[in-house]
Amino acid sequence: MRTYDEMMPVFMELGRALAKYSIVDRTAFDFGVGVDLYPAEIHMLTVVDNLGGAGVTELAKELGITKGAVSQLVAKLVKKGLFFKESDPEHGARVIIMPTELGIIACKNHKAFHQDHDKDFLEYMANLDEASYEVVSKMSREMNLWMDNYLK
């Protein structure tokens, strides 16, 4: 079993990556539609596009954020012309959030951006053997739980 001191270099490297991610997370990008979008915005847009529309509760669960945070992001994306809302024909009080044509274009460009920009890392991940890929997958799940403890 490794000691805390033996594991510290790995935690330091992870910390540097998370610090850089924090900077990226606060940076807006234009995904070819003339609108600057923060990562939280484009990721919500992508989830809605992938689901073919969604309600606030579903988005909150999918994204791991509060319904209030979902409502705020939805309002911003409606104002930016990337979402529209419609009544759910099966549940009158429920509102479905849908991407506009501009929103769909932003999603396609976002995916293309990652496929190009992250090509080397995606290739690295794709070429891992099954056991190594499972270790990375499990580590990602464990890190998510680890961060939950900081948010309690």
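Anything in region 53-82 that is at positive phi and in contact (Cβ under 8 Å) with a residue 24 or more places away in the chain? List them, or say none. Lay out the reasoning, then the answer.
Taking region 53-82 first, the residues at positive phi are 53, 64, 81.
Across region 53-82, the qualifying residues are Gly53, Gly81.
For Lys80, state whether it is over 24 Å from Asp30 (Cβ atoms) and either in contact with an Asp or Glu (Cβ under 6 Å, 6 or more places away or on another chain) or among the basic types (Lys, Arg) (or both).
On the way: over 24 Å from Asp30 (Cβ atoms): no; either in contact with an Asp or Glu (Cβ under 6 Å, 6 or more places away or on another chain) or among the basic types (Lys, Arg) (or both): yes.
Criteria not met by Lys80.
I'd like the full set of residues that are of a type outside the set (D, E, K, R) and surrounded by 11 or more Cβ atoms within 10 Å (Cβ to Cβ), limited to region 111-123. First the steps, then the outcome.
Here is the first cut: in region 111-123, the ones of a type outside the set (D, E, K, R) are 112-115, 117, 121-122.
Scanning region 111-123 gives Ala112, Phe113, His114, Leu122.
From Lys108, Lys85, which residue is free of Cβ contacts under 8 Å to residues at least 24 places away in the same chain, surrounded by 12 or more Cβ atoms within 10 Å (Cβ to Cβ), touching a strand residue (DSSP E or B) at 6+ places or on another chain (Cβ under 7 Å) and of a type in the set (Lys, Arg)?
Values: Lys108 fails: touching a strand residue (DSSP E or B) at 6+ places or on another chain (Cβ under 7 Å).
Only one candidate passes the filter, namely Lys85.
Just need a number here: residues in region 61-82 that are surrounded by 15 or more Cβ atoms within 10 Å (Cβ to Cβ) and at pLDDT below 95.
3
For residues that are touching a helix residue (DSSP H, G or I) at 6+ places or on another chain (Cβ under 6 Å) and of a type in the set (Val, Ile, Thr), scanning just region 4-44, find the one that is nearest to His114 (Cα to Cα).
Ile42
Could you say whether any residue in region 127-136 is part of a helix (DSSP H, G or I) and under 16 Å from the mean Cα position of the chain (by Cα)?
So in region 127-136, the residues part of a helix (DSSP H, G or I) come out as 130-136.
The next check asks that each one be under 16 Å from the mean Cα position of the chain (by Cα); those that pass are none.
No, there is no match, as no residue in region 127-136 is part of a helix (DSSP H, G or I) and under 16 Å from the mean Cα position of the chain (by Cα).
The values are calculated or read from the model by the stated rules, or taken from the named source; none is laboratory data. Computed from a predicted model, the values in this text were never measured in an experiment. A quick note on method: Cβ atoms are made from the backbone with ideal geometry, for glycine too, and the neighbour counts reach across all protein chains shown.
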